[in-house]
Each structure stands twice: as C-alpha cells, then as structure tokens.
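Peer 1: Here it is, the structure, as structure tokens.
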Amino acid sequence: MIKIIVGAQFGDEGKGKLVDVISKKADVVVRYQGGNNAGHTVVVGSKTFKLHLIPSGIIHKKRSLIGAGVQIDPEVLYGEIKALEKNGIFVSSLLGIDFRAQIIMPWHKLMDGVKGGKIGTTKRGIGPSYADRTAREGIRFEALLMPKEFKKKVKEIYGEKKKILQLYGVKIEPESKIVKKYLKLGKKLKKYLCDVSLEINNNNKRILMEGAQGTLLDNDFGTYPYVTSSHPIAGGAIIGVGFGPKEVTSVEGVVKAYTTRVGNGPFPTELKNRTGDIIREKGNEFGTTTGRPRRVGWLDIPLLRLSNTLNGFDGIHLTKLDVLVDLKKIKIADYYVYKGEKYKVLSLREEFVKKAKPHYIIMNGFTTEEVVTLKGNALKYVEKIEKLLKLPVLSVSIGPERAQIIFRTKERI
Ligand code: IMP
C-alpha cells in the first residue's frame, strides 16, 4: 500500500508536519526527489526538528528511506544524522539510502552559486547535480563507498569542472582535499546503503512517499524555467523510487490556506501590500533552508485545479489555517480572465501567465475560536475550498504542534 503526499503549490505547504503525523500509521517513509533544497520543520513539544534530507517519519522512529531520485550532500546528511542522535533518535537501523541516489559535489554547489541567481535557487547544488545525472556524469551514492572507484571518477571530472569554474572567476579546493573529505563521509554513511526499490516492492507494508518542494516547481509541469530540477509531482515518486503505478493506493495534496513562493517566477495572486506582510509575519514565512522571506498571496483555486490534474488527488490536507485569523476579509481566486474569457484551470503558457488576471471571491474573516473548533466562518472557508475543488479536505492544520491538526476523515494508508 503506497500513499503519496505531494506539495500542491510552490513548496513549503507544511508537508513535514503532516508526514510526521501520518507516518505514525506507516511502516516505511520514503523521500523520492530533490535534496537539501527542501526544509521540513516538525515541532514536538519543546523540540523543533529541521530536516532537509531524511524523511520526517524518522521522528516516529519509522524505517526512513532515501530513494534513487534524490541528490545527497553527504556532509549535510551526516550533520542531520548527528543532530537527530543528539535529540535521542538513533537512526542506525532506521535509515536506508538507495545505492543509485546521487552525490552533490563541491563543484555543483559552486556552479549553483554562479548560475542560480536568475531563478533564485537555494544554491545547494541541486540543478547542476541533476544536470550531471542526466548527462551521465554524476556520481552515485554507492561509488562514494568504494574509494578506488570514487578517486577515479573524481579524477575524470575534476579538471573540466575546475576550468569551467575558472571562466566565472570561481576557485575550487584541491582534488585531493575533496576526495579525502568525501571518502571520510562515505565511511560513516556506508551502513545505510540499500536498494530502496527492492525493499519497498512486493511487500504488504504501509508505505508513505514524502515529496519535497511542490507541484508548481516541477521541472516539466511547473512554472518553467522558475522550477526546481526534479519532479515533485506524484509521478515523481514512481520514477524516483522505482515501483509500478499500480502499487499506488492514494495520492494526497498538501495545500497551505493561502499561497507562498520563495525565489523568482510567476505568482498571480501575490500580495505586495500590508496584508501580505501581516500574513508573512504571522505565518513565519521565511525559508527553512535559506531564511529568505517568502512571497505571500491569496489561495489560488485554478492553480490547485492544475495541481489536481497533474497529481490526481484523492483529497487535500489544508495547513496553516490559523495564520489567517483576524483578517477582516479573505480572498480566494476562483477563476482567471484571459482575453475576455473565463478559465477555471491555470494554464502555464507564457502568454496566459503574462496576461491572465485572477478573479476573486471574498470570504468573511474568522477568529481563533472558530479555527480551533472548525466552526463558523473558518468552516465556511474550508467548505468553500472543497466545493470549488470538488475534493475533500481530509485534515486542517491549525498550528505547528503535532496535536494541532483536525482530521475530518479516518486517516489510512
Ligand atoms: P533549487 O531547487 O535550489 O534549484 O531552486 C529552484 C527553485 O525552487 C527556487 O525558486 C527555490 O526557491 C525553489 N525551491 C527549492 N526547494 C524548495 C523548497 O523546499 N520549498 C520551496 N521552494 C523551493
């Protein structure tokens, strides 16, 4: 049984907390794409866990796997393991890394620093390392564990990368230093090597696939070129982990009660005013990975309809509803107007994105009391979303704590 949890907007929808809560009922949790460009925050009592690579399910001490589709910065991964252990979560028997996952090398990070500015990337080396993967010049996780092989591969690549970086006036540390540092990390990470695809296939376990980023950042189907370099959509789990589509039991989207985006690119319902600032502050909308302030806007139903087309949601989880309390009026974009016509689904054709204007419906604001009891205007807001999307809202998250989530149906995997 495989449930895929997907970010339905531009990432940062609150997937970390949701996966943490749902993973209580799972046997295995798997990351399928991206790398440490992601940042998942989970608050448990007085402890705040910030995870970039390891699936949030680790906090529930579940088998936590990193699939073939992920790019791994070994230094970050090792740091995350140490931080978890410091907080009493010993990952040794829990964590598994697919031998096909790829390694982010120092030149990837340096190149991202040089070229990622236009897109506003996280500068973690994600784009350049996926480019090398596709060009068949990447280094797999298993090679990091084989010193002779690893040295040979770095030797083949290093000279060319150094020359390219020189063109941009960027210096790179000596080859020998890189090899030494990476092999040292390889020794520490060796015990986690596994075949995730084999492990999750043909068993009766309850498996949760945890997406990073969001649908509109998908490399093909998002707001290209303002996208990430992987496939956060549900199909990304299939190719990023290695299983057949018929294995999927359900696909659920995570939707923030408003919209945010970090980095550049189209954002039709963006609020560049005081209301936007209020929501940003209240929602603590600053990147977990880079600390950048997130752009903030109203909920965009046509964008979510597109997201549903790409993912085939069985239902959605609405997060951060509490952030909207005490606003007098809340807007929801219900359709777009383009060349005098109504469009219910957002199109990402360049011309459409440039010229189409969102149409809004205006909802009454709600109080904290209405949110925590999910009554009155808060419930009306949730029901409006259900009606517009023709999808059930499976849960509503009303604060950062694990307990601050209201399930509206029995959650199953
Ligand atoms: P990259 O993934 O670092 O290459 O960045 C590409 C785009 O995706 C940039 O706009 C980033 O801000 C955005 N991005 C990458 N990871 C995340 C994430 O986890 N949440 C939200 N945006 C992200």
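Peer 1: Among the candidates 95, 110, 167, 189, which residue alone is open to solvent by 30 Å² or more (accessible area, probe 1.4 Å) and more than 16 Å from the ligand (Cβ to nearest atom)?
Peer 2: 167 is the lone residue from the list that is open to solvent by 30 Å² or more (accessible area, probe 1.4 Å) and more than 16 Å from the ligand (Cβ to nearest atom).
Peer 1: With the condition kept exactly as written, say whether any residue in the range 72-83 is touching a His at 6+ places or on another chain (Cβ under 9 Å) and not in a helix (DSSP H, G or I).
Peer 2: yes
Peer 1: Here are the criteria: (1) open to solvent by less than 40 Å² (accessible area, probe 1.4 Å); (2) among the small types (Gly, Ala, Ser); (3) out of contact with any helix residue (DSSP H, G or I) (no Cβ under 9 Å at 6 or more places or on another chain); (4) not assigned by TED's automatic domain parsing to the domain that holds residue 294. Tell me which single one residue 117 does not satisfy.
Peer 2: All conditions pass for residue 117, except number (1).
Peer 1: So which pairs qualify, if the first residue must be in the range 336-347 and in the same structural domain as residue 269 (by TED's automatic domain parsing), the second must be open to solvent by 100 Å² or more (accessible area, probe 1.4 Å) and acidic (Asp, Glu), the Cβ gap must be under 8 Å, and the two must be at least 6 apart or on different chains?
Peer 2: Final answer for the pair search is none.
Peer 1: Let me ask something else about it. Tell me which residues, restricted to the range 328-365, are open to solvent by 60 Å² or more (accessible area, probe 1.4 Å) and in a loop (DSSP other than H, G, I, E, B).
Peer 2: 328, 339, 340, 344, 345, 349
Peer 1: Among the residues of the range 16-61, which ones are of a type in the set (A, V, I, L, M, F, W, C), more than 14 Å from the ligand (Cβ to nearest atom) and assigned to a strand (DSSP E or B)?
Peer 2: The answer is 28, 29, 30, 42, 43, 44, 49.
Peer 1: Can you give me the number of residues within the range 1-48 that are among the hydroxyl-bearing types (Ser, Thr, Tyr) and touching a residue at least 40 places away in the same chain (Cβ under 8 Å)? If you could, list the steps in order and put the result at the bottom.
Peer 2: To start, the set of residues in the range 1-48 that are among the hydroxyl-bearing types (Ser, Thr, Tyr) comprises 23, 32, 41, 46, 48.
Pick out the ones that are also touching a residue at least 40 places away in the same chain (Cβ under 8 Å) and you get 23, 32, 41.
So the count comes out to 3.
Peer 1: Return the pair list, or none, for Cβ contacts closer than 7 Å from residues in the range 399-410 that are closer than 9 Å to residue 17 by Cβ to residues that are aromatic (Phe, Trp, Tyr), at least 6 apart or on different chains.
Peer 2: Nothing qualifies.
Peer 1: Specify the residue that is surrounded by the most Cβ atoms within 10 Å (Cβ to Cβ); the eligible residues are those in the range 13-32 that are under 25 Å from residue 286 (Cβ atoms) and at pLDDT 95 or above.
Peer 2: Narrowing the range 13-32 to residues under 25 Å from residue 286 (Cβ atoms): 13-21, 31.
Narrowing the set further to residues that are at pLDDT 95 or above leaves 13, 31.
On the way: 13: 30, 31: 33.
Step by step, filter the range 13-32, then rank; the result is 31.
Peer 1: Starting from residues that are aliphatic (A, V, I, L, M) and within 16 Å of the ligand (Cβ to nearest atom), keep the ones in the range 238-267 and report whichever is modelled with the lowest pLDDT.
Peer 2: Going residue by residue through the range 238-267, those that are aliphatic (A, V, I, L, M) are 238-239, 241, 248, 251, 254-255, 257, 262.
If we keep only those that are within 16 Å of the ligand (Cβ to nearest atom) too, we end up with 254-255, 262.
Details: 254: 98, 255: 98, 262: 94.
Only one residue tops the list, namely 262.
The values are calculated or read from the model by the stated rules, or taken from the named source; none is laboratory data. Note that the structure is a prediction, hence the values are computed from the model and not measured. As a convention, Cβ positions derive from the backbone with ideal geometry for all residues, glycine included, and neighbour counts pool all protein chains shown. Accessible surface is based on the protein model in full, side chains and every heavy atom, while ligands, DNA and RNA are left aside. Shrake-Rupley method; radii C 1.70, N 1.55, O 1.52, S 1.80 Å.
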